[in-house]
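> Below is the structure I would like to discuss, written out as structure tokens.
The values are calculated or read from the model by the stated rules, or taken from the named source; none is laboratory data. As the structure is a prediction and not an experimental result, all values here were calculated from the model. Virtual Cβ from ideal backbone geometry, glycine too; neighbours counted across all protein chains shown.
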Amino acid sequence: MTDRPLTTGEGNTAENAYETVRTYLFSVPLAAMYDDGSKKGEAFTALNTLLAECGRLREQLDAARQALDPAAVAESFHAHYERLAPDYGYRTREESAVPWASVPLLNKRLMVATVTEALAAARAALGVEG
């Protein structure tokens, strides 16, 4: 076995785990993982499975990050808020009761900033970097 530690790099974040694992797996001779090299095929299959799982997790992380993009969340919140307001007996201001593309720039900036802080607070509460 190699004496090089398997880490996910600076900060040990999931963001670079896939590349770290891929680099590590293909830099260590498989025979070195087993003293006699007799289980090379099994090791290669297991490592390929691990690499595929890392790739799948990276795709899920990327999708989650896109879904939690502050601008995308603000736009979605605006659309749902405007749609639901009448159901709650609330009438929104005329200048903001428009599609997102027509919302005044300062309103958009405020909503995105609010979502950014709310997401940061949620990540902090969960102990998630990021």
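> Where the second residue is of a type in the set (Phe, Trp, Tyr) and assigned to a helix (DSSP H, G or I) and the first is farther than 17 Å from Met111 by Cα and free of Cβ contacts under 8 Å to residues at least 12 places away in the same chain and lies in segment 80-91, which pairs have Cβ atoms under 7 Å and are six or more apart or on separate chains?
From residues that are farther than 17 Å from Met111 by Cα and free of Cβ contacts under 8 Å to residues at least 12 places away in the same chain, there are no pairs.
> Conditions: (1) modelled with pLDDT of 90 or more; (2) under 19 Å from the mean Cα position of the chain (by Cα). Arg65 meets all but one. Number of the miss?
The one condition Arg65 does not meet is (1).
> Turning to a different aspect of this structure: Just the residues that are of a type in the set (A, V, I, L, M, F, W, C) and in contact with a helix residue (DSSP H, G or I) (Cβ under 9 Å, 6 or more places away or on another chain), please, taken from segment 121-130. Give the derivation first.
First pass over segment 121-130, keeping only residues of a type in the set (A, V, I, L, M, F, W, C): 121-122, 124-126, 128.
Across segment 121-130, the qualifying residue is only Val128.
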